[in-house]
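See structure below.
Since every read-out is calculated from the coordinates, none of them should be taken as a lab result. In this text, all values refer to a predicted model and were calculated from it rather than measured experimentally. Neighbour counts run over all protein chains shown; Cβ positions are idealised from the backbone, glycine included.
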Amino acid sequence: MLNAADNELLTRTGADTPMGALFRRFWIPVLLSQELPEPDCPPARVTIMGEELVAFRDTEGRVGLVDPRCPHRGANLFFGRNEECGLRCLYHGWKFDVTGRCVDLPTLPPDRTFRERVRITAYPVREWGDFVWAYLGPAGALPEVPALEFALVPPAHRFVSKKLQQCNWAQAAEGGLDTAHFSFLHMPVTSSASESDEVRRGPPPPTPCVPAARWPTAACPSRTSCSSASATRSAGSGASPPTLRLRARRTARRRPP
């Protein structure tokens with residue numbers, strides 16, 4: 001077991017922590033590419049290793065990951081307008097490109113020297129394997145994007161997703177490596193041995209539906225299926241729910257010879 005000091009050392013990933021400095025030397029997936037679906041789409045909030053950022057896809061399809069605070073009055077750029085290759089602050093119209101460079105100061109006289117001195121923090125970004133990856137480490141130490149196998153296959157051969165886990169990175173990694181917990185935490189919850197056997201066997205095969213004309217109503221072995229089929233036919237096309245129509249087509253093919 002770790003003591004409190006070692007636990008803090010291992011799990012804290014802020015910019016001024018040892019583990020934060022380590023992680024920032026690697027590419028980190030921060031978004032799914034589909035969360036920025038098209039050029040000039042609305043920006044997205046990103047929180048990564050204690051940093052609040054905003055991501056946007058510009059007019060040319062490039063992705064930027066920048067500090068959300070406009071250096072003028074501190075307004076949040078998440079509420080800005082993503083237009084013409086830049087994210088424009090909604091307060092006074094200052095606009096910044098994906099590199100953090102200020103490209104427009106509409107409320108001030110044209111002064112190229114002053115505009116070139118205005119910048120916001122922007123991190124290098126790559127799209128790879130349908131993810132947006134960011135590098136938050138020191139300049140000049142940029143590594144290669146990881147050549148993970150799922151990113152090397154065609155897009156039609158992979159599925160990407162993300163989920164929220166309310167824990168630190170070490171707990172998430174430990175849970176993924178700890179296969180011994182599968183048999184207990186993820187086992188079916190049953191109250192008896194017979195229920196456990198039923199879970200292992202799976203559901204029974206469906207009972208074939210016999211036309212109602214050949215069975216008395218009380219003796220029909222599959223009253224639910226027959227009733228569904230009858231309800232669909234009596235309601236007419238377009239009036240029944242899709243589930244009833246689908247069930248009617250399925251049961252019609254299961255009539256016994």
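Suppose R0 equals 51 Å; then what is the FRET efficiency for residue 1 and residue 91 from their Cβ-Cβ distance, rounded to the nearest 0.05?
0.50
Give the long-range amide H neighbours of residue 31: residues separated by 5 or more places, or on another chain, with amide H under 5 Å away, using H modelled in the peptide plane at 1.01 Å from N.
Amide H neighbours of residue 31, under 5 Å, 5+ apart: 132.
Once the mean 1/r over all distinct Cα pairs of the stretch 1-113 is inverted, what Kirkwood radius in angstroms do you read off? Present the calculation step by step, with values, prior to reporting the outcome.
Details: mean 1/r = 0.0635 Å⁻¹.
By the Kirkwood definition, the hydrodynamic radius is 15.7 Å.
Tabulate in residue order the Karplus-calculated ³J(HN,Hα) for the stretch 100-105, using 6.51 cos²θ - 1.76 cosθ + 1.60 with θ = phi - 60°, rounded to whole Hz; enter x for Gly and Pro.
x, 7, 6, 10, 7, 10
So between residue 171 and residue 119, what do we pick up on full extension, going 0.36 nm a residue minus the alpha carbon distance?
15.0 nm
Once label points are set 7 Å from the Cα along Cα→Cβ at both residue 179 and residue 164, what is their separation, rounded to one decimal in nm?
The two pseudo-label positions are separated by 3.2 nm.
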